[in-house]
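Novice: Following this message is one structure expressed as structure tokens.
The values are calculated or read from the model by the stated rules, or taken from the named source; none is laboratory data. Since this is a predicted model, take the numbers as computed values, not measurements. We place every Cβ from the backbone using ideal geometry, glycine too, and count neighbours over all the protein chains shown.
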Amino acid sequence: MEQTNVSSLVLQIICNSVISGLHKRIRYGGTCECWLPRFNKSETDDTNDNDKIIVTSDSCTKCKQDRLIHMDEVSFDHDVQSVTNELRFRIEQRTGLTASAGVC
Ligand SMILES: [Zn+2]
């Protein structure tokens, strides 16, 4: 991701975090492995407040195997570490990739 995109994403996070608290999160499971990010049951997760995950299934358009779609909502606080976590969350939701981010 280019530097300018990250900068505009950070600015977007700061502006949006003041307005709304909840963000829709989508993760994929099932025998299909075409879609990211993956849903990992063993993953410790303290960003999901209500622990309500809606799971739907369909057939993958690429590999034709079963795809599970896990949807829930997550929230982030307004402190520096939470904004960093939200940045990583948004990058993962858009690209399916994890990113490292630190606070200096
Ligand atoms: Zn697939």
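To keep it simple, each residue is scored yes or no on (1) closer than 30 Å to Cys104 by Cβ; (2) at pLDDT 95 or above; (3) in contact with a strand residue (DSSP E or B) (Cβ under 9 Å, 6 or more places away or on another chain).
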{"residue": "Thr4", "(1), (2), (3)": "yes, no, no"}
{"residue": "Val10", "(1), (2), (3)": "yes, no, no"}
{"residue": "Asn16", "(1), (2), (3)": "yes, no, yes"}
{"residue": "Ile19", "(1), (2), (3)": "yes, no, no"}
{"residue": "Tyr28", "(1), (2), (3)": "no, yes, yes"}
{"residue": "Asn40", "(1), (2), (3)": "yes, no, yes"}
{"residue": "Cys60", "(1), (2), (3)": "no, yes, yes"}
{"residue": "Leu87", "(1), (2), (3)": "yes, no, no"}
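Novice: Restricting to region 67-94, name every residue that is closer than 21 Å to Ile53 by Cα and more than 9 Å from the chain's Cα centre (by Cα).
Specialist: Arg67, Leu68, Ile69, His70, Met71, Asp72, Glu73, Ser75, Phe76, Asp77, Asn85
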